[in-house]
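Reading through the structure tokens given below for one structure.
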Number of protein chains: 4
Amino acid sequence: MAQQFHGVIPPAVTPLTADQELDLPSFTRSINRMIDAGVNGIFTLGSSGEVAFSTDARREEIIRAAIDIVDGRVPVFVGCIDTETNRVIEHARQARELGASAIVATAPFYALGGMAEVERHFRLIHEAVPDLPLFAYDIPVCVHTKLPGDMLVRLGLDGVLAGVKDSSNDDVSFRFLVDDNNKAGHPLTLLTGQEVVVDGAYMAGADGSVPGLANVEATAYVRMWNAYRKGDWGSVRTEQDKMAALMRITSVVQGVQGFGAGVGAFKTALALLGVFDTNQMPNPVAPLAGENVERIAAVLKDCGLPLARTPLEVSESTAVKG
Amino acid sequence: MAQQFHGVIPPAVTPLTADQELDLPSFTRSINRMIDAGVNGIFTLGSSGEVAFSTDARREEIIRAAIDIVDGRVPVFVGCIDTETNRVIEHARQARELGASAIVATAPFYALGGMAEVERHFRLIHEAVPDLPLFAYDIPVCVHTKLPGDMLVRLGLDGVLAGVKDSSNDDVSFRFLVDDNNKAGHPLTLLTGQEVVVDGAYMAGADGSVPGLANVEATAYVRMWNAYRKGDWGSVRTEQDKMAALMRITSVVQGVQGFGAGVGAFKTALALLGVFDTNQMPNPVAPLAGENVERIAAVLKDCGLPLARTPLEVSESTAVKG
Amino acid sequence: MAQQFHGVIPPAVTPLTADQELDLPSFTRSINRMIDAGVNGIFTLGSSGEVAFSTDARREEIIRAAIDIVDGRVPVFVGCIDTETNRVIEHARQARELGASAIVATAPFYALGGMAEVERHFRLIHEAVPDLPLFAYDIPVCVHTKLPGDMLVRLGLDGVLAGVKDSSNDDVSFRFLVDDNNKAGHPLTLLTGQEVVVDGAYMAGADGSVPGLANVEATAYVRMWNAYRKGDWGSVRTEQDKMAALMRITSVVQGVQGFGAGVGAFKTALALLGVFDTNQMPNPVAPLAGENVERIAAVLKDCGLPLARTPLEVSESTAVKG
Amino acid sequence: MAQQFHGVIPPAVTPLTADQELDLPSFTRSINRMIDAGVNGIFTLGSSGEVAFSTDARREEIIRAAIDIVDGRVPVFVGCIDTETNRVIEHARQARELGASAIVATAPFYALGGMAEVERHFRLIHEAVPDLPLFAYDIPVCVHTKLPGDMLVRLGLDGVLAGVKDSSNDDVSFRFLVDDNNKAGHPLTLLTGQEVVVDGAYMAGADGSVPGLANVEATAYVRMWNAYRKGDWGSVRTEQDKMAALMRITSVVQGVQGFGAGVGAFKTALALLGVFDTNQMPNPVAPLAGENVERIAAVLKDCGLPLARTPLEVSESTAVKG
């Protein structure tokens, strides 16, 4: 695998202070912890990095911080997520200026269109920042478009796309994409955005993974990647089973859905583990509290992760001081 | 009807030059033409005003131009459309500063959430610009959330929302919303975003309409509104039938979908009528050309609208000069 | 309007005894009550006539009963609803044998297919029962296919379809369908399945309506139809507003969704009004009880409909005797 | 694995003669071929067994034939697929009478309802045929309901369900279901309906698979199952890769979607291999012909499967003799 990018590239969750500022010390601890665990890259401003919630000023702050903390140890991927082409290009130019190793963009969203426009969108972004590797982010649950495999491979062969982050939850398409990519000479680096079926994506031949859960526990995903490269499928499966058990932190949450439950659980776990100072969430999402924090703490204990703080301390961590 | 806002408030389509700059002379002609026809307001940066395609700088340029052109003759609504709360608040503050009469915001999109977050979203926007009337824009086809009537009326009674622009294409819900709003003392101004079933929305008791097609032909919508206010339903129906026939400009388009077909047809019609200089579209959308322009010209002729330019002239209008 | 079929054609709700047998006396009362009110037809085994819940034996029992009760006073439409063509054809042949005036069929469902197969489906049904008027039932919420207007008009011109029952809740498409049908010489009889926006469908030019709510109160729908034919739009609107208020019986129901809430409310209202003996529902749906029945009773009272039985009597009506 | 059922249980594709009668000799060849390959069961009247297209008489004919051909060598699962409970129960009783080893039922479809009704649906079916093992068929693409894992495990613990055939294409949910089932003492036999990511389902701990593609090539799926049981993941992956390549017979089809492409390709492959006499399809689906047959033949050759007939012979196989 002589790819420029590969392996475990976690989408970094963005810590906030109680008053919703970027929490730089927590961000530093969290990114260092993942790099120390052996990850192969850091993806900042992904969906779980709260890109959609961040103003342009906040986005710049996050990119600067991430690149500064990583300090060249691994590549930094930057999410350039916005509704349509020209807005994405602005983010892409900024990411290049700030030193991104690669950028990640979705299909257009909000306005309705067809697949010809999706393809033109990626071509126009690439034209604007031709020197910067561009990854397509296939995430239909957010953008309501599934990127077709033949278009992706064509954009790879044309030098427009460097790779794909597949968060489509469509493992059948992913397997066919891997196969088509191999037949075309492997122009694309194919990363799965899965967390609990990464083993299946490796069976299919993925070049790496982008699991949000690696914010909470990166070492298992690194071990899984290493086992995969050695063909040690038994270990791949064992590590995946552990991570599936840990992913329950997101499904024990009650009364909250989507981002608030998923990223809310990641932040809460990180606060319980002492990595984040708070589990604060961006507007309009409320931080998890009370029994939800207790449930997450119970899952962490079941999985053998030692808590640095009590559930009550975490629930109170988002109280803004007067 | 002692509402602050009411009647026909077209979402202004944004003209571009061949090289995709804002075309100020065309914008001036088009807005003046609608105001001369008797519309009761102008909504700029709506979905058909290409808000999702415009960078922040372009958005500012459009708002400034619209407010300058309108020059106080009618209220100016400004679309503050973005993924999540803090980004919307930035647009809202800018709209206030630039002199908007009212702002229009959708439910959050891209990130997944629940209805509690949607409600908190509108409350936070209102807190940030409490003096500016806030309209909820119910457009599930773009944001994949249908705003529930009971939430809307509650936000109206709490002074958070001044009104609703309903583009949900769910006329049953709209009728129940009108009824609930009346029972609650009419806290909300209810505008339909329909174009070919505005008569039905008036039957239901709408306070006004926001038809994109009024960019092409505003006088019929103004006549329909006046007939409605006088209870002259026969005329309402006659005008609606004419506008349904004219709306065929969007359905005769072949090989293009969504915004490219709908707003593309509006721009093409305006170019054929001599109001816009070009029918240029924003990236990544291609302008309509060739037979599609001819088909639109044929519909305009059938509807008795005199063409100022030939289809060929319009198809060639987007060619960038060397 | 020289159509063979037109006007108000309610989908007859099917009364059950407490032990889920067909309740013939209640069925007789209900159908006679609608015919006495002046309806122009009876549609049996529609979605709200519980066609999907009824075994073939039960379907035959219902068709026989309906045709026997109606006794030639108005046409009887029979729903031939099943997954694919050959199953529908069996129902169609039986309906013909039993004396149906017309049959109603949806697009295929369950198996996935394309529009070519939908069109062939209707052609094959017509070939099997060429002498029986065939209505297409456009109900995407149940079958997940929206019937395109151009296909419907083509099938009308080819003599395959006699008409369409439009339950698509897409009033824009319906208006274009009416217009296309008129331009083609009116081959299709176009009926709206709406209940609270029938006025809009009449504005669009519908040939009639199929409102489930007419089981509860047919006279208002008949008055609305007559007013429409005379061009008395003020009365159309008044009657529609009354029926929108009455339709609240379906939205006050809590904790139950879909058929159980909608048809459950119709049956409960009919039981409260003394038309049905019970509000029993077919397996696996539970009958409405307790506070839901009280809420429906309150709506009926608000609308001025006199209750023949108490909510408690209705809640107890479904108790199976030992 | 002391389960009553496990391993490879192909959903038998139903061969038709040119004039759309059940083709018993082909059915016999095909089922015998799969049993000879070592499959652990036969599932008849599944989605790909054209249950939705078959009249009740045809269903009986198919069940009788399948049970007769299998002759006790392996268990026979029978699909009892219909819109609502009472119709399913009729099929279930017939299946029991004819000697089914187990039955398979989906959530209700066509009518809209909630999850309480889905659960009651399965409980009522089990009550009607308590002695017959009941499998829930989770196929949201057809029935538009995803069966929740906690409900499935609860129905397993209550003795209502014997297992689940998971065709939800949601591998994350499947992994959690396997885990929940194990924690509950393995009340459910969990079968994946996948074809190209069966390896991932085995990694997750599936009890078996129900791949339609096994009609074309059962031996590879049997080898994959045996390798899985021995923990030989390398062989699992190799066999899966081969089957992913073969599954391309369904994606090379052009101009046809869904069942017509998928089952159409299976039938065409079986006709090219000499197992089926024709590739005839049930109404309203047209059989694949011309270039589509040639494309499928090319895939078969690429995968090393020897053709018994030419594409032209297969295209002509559906011509009805005068």
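Just so you know, all these numbers are worked out from the coordinates, no wet-lab data involved. Since the model is a prediction, treat every value here as computed from it, not as a measurement. Glycine also receives a Cβ, built like all others from the backbone with ideal geometry; neighbour counts cover every protein chain displayed.
When the Cα atoms of chain D are aligned to their principal axes, the ranges along those axes come out at 54, 46, 36 Å in descending order. The ratio of the alpha-carbon radius of gyration of region B:142-228 to the globular-protein estimate 2.2 N^0.38 Å is 1.08. The charge dipole of region A:70-133, taken about its Cα centre with unit charges on the Cβ of Lys, Arg, Asp and Glu (plus for the first two, minus for the last two), comes to roughly 80 debye. Mean separation of Cα pairs under 8 Å and 6 or more residues apart, divided by the residue count, gives region A:23-72 a relative contact order of 51 percent. For a straight C-alpha distance cut-off of 30 angstrom, the lysines reachable from B:K183 (same-chain residues fewer than eight places away being disregarded) are B:K146, B:K165, B:K230, C:K242, C:K267, C:K301. Rounded to the nearest Hz, the phi-derived 3J(HN,Hα) couplings of region C:274-288 under the Karplus curve 6.51 cos²θ - 1.76 cosθ + 1.60 (θ = phi - 60°) are x, 7, 9, 6, 9, 10, 4, 10, x, 3, x, 8, 8, x, 5, where x marks glycine and proline. For region B:183-235 versus region B:296-322, the spacing of their alpha-carbon centroids is 29 Å.
Spin-label model, B:K321/C:E60: points 7 Å from Cα along the beta carbon direction are separated by 8.1 nm.
For A:D19 paired with C:K183, estimate the spin-label separation in nm (one decimal), with each label point 7 Å from Cα along the Cα-to-Cβ line. It is 6.3 nm. Among the residues of C:286-293, the average count of other protein chain beta-carbon atoms within 10 Å of the residue beta-carbon is 0.
For region A:39-53, the Karplus equation 6.51 cos²θ - 1.76 cosθ + 1.60, evaluated at θ = phi - 60°, returns couplings of 5, 9, x, 10, 10, 9, 6, x, 4, 7, x, 6, 4, 5, 8 Hz by residue, with Gly and Pro reported as x. Over the C-alpha trace of region D:122-169, radius of gyration and Dmax come out as 10.7, 30 angstrom.
With the simple model of a label 7 Å out from the Cα in the direction of the Cβ, A:L98 to D:E294 spans 5.4 nm. Treat the count of other C-beta atoms within 10 Å as a stand-in for reagent exposure and order A:K242, B:K165 from fewest to most. Taking fewest neighbouring Cβ atoms as first place, the list is A:K242, B:K165. Taking amide H positions as modeled 1.01 Å from N, with prolines and chain starts lacking one, the residues under 5 Å from A:F43 and 5 or more places away or on another chain are A:A12, A:F77. Averaging the sequence gap over all C-alpha pairs within less than 8 Å and six or more residues apart, then dividing by the number of residues, gives region A:1-145 a relative contact order of 19 percent.
Positive contributions from Lys and Arg (+1) and negative ones from Asp and Glu (-1), summed over other residues with Cβ under 15 Å from the Cβ of D:R33, come out at -2. Rounded to the nearest whole angstrom, the semi-axes of the ellipsoid equivalent to the protein assembly as shown, taken from the Cα gyration tensor as √(5λ), stand at 44, 44, 31, largest first.
Neighbour counting of Cβ atoms within 10 Å sorts the residues B:S167, A:S315, fewest neighbours leading, into A:S315, B:S167. DSSP assigns beta bridges within chain A; of those with both partners inside it, close to 5 percent run antiparallel. Helix-only arithmetic for chain C: the sum of -39500 (n - 2.57) across DSSP H runs with n ≥ 4, divided by the residue total, places the mean residue ellipticity at 222 nm at -14000 deg cm²/dmol. Taken as Cα centroids, region A:99-151 and region D:160-182 sit 33 Å apart, rounded to the nearest whole angstrom. Sorted shortest first, the separations between the C:P148 label point and its copies elsewhere in the assembly read 1.6, 3.7, 3.9 nm; each point sits 7 Å from Cα along the Cα-to-Cβ line.
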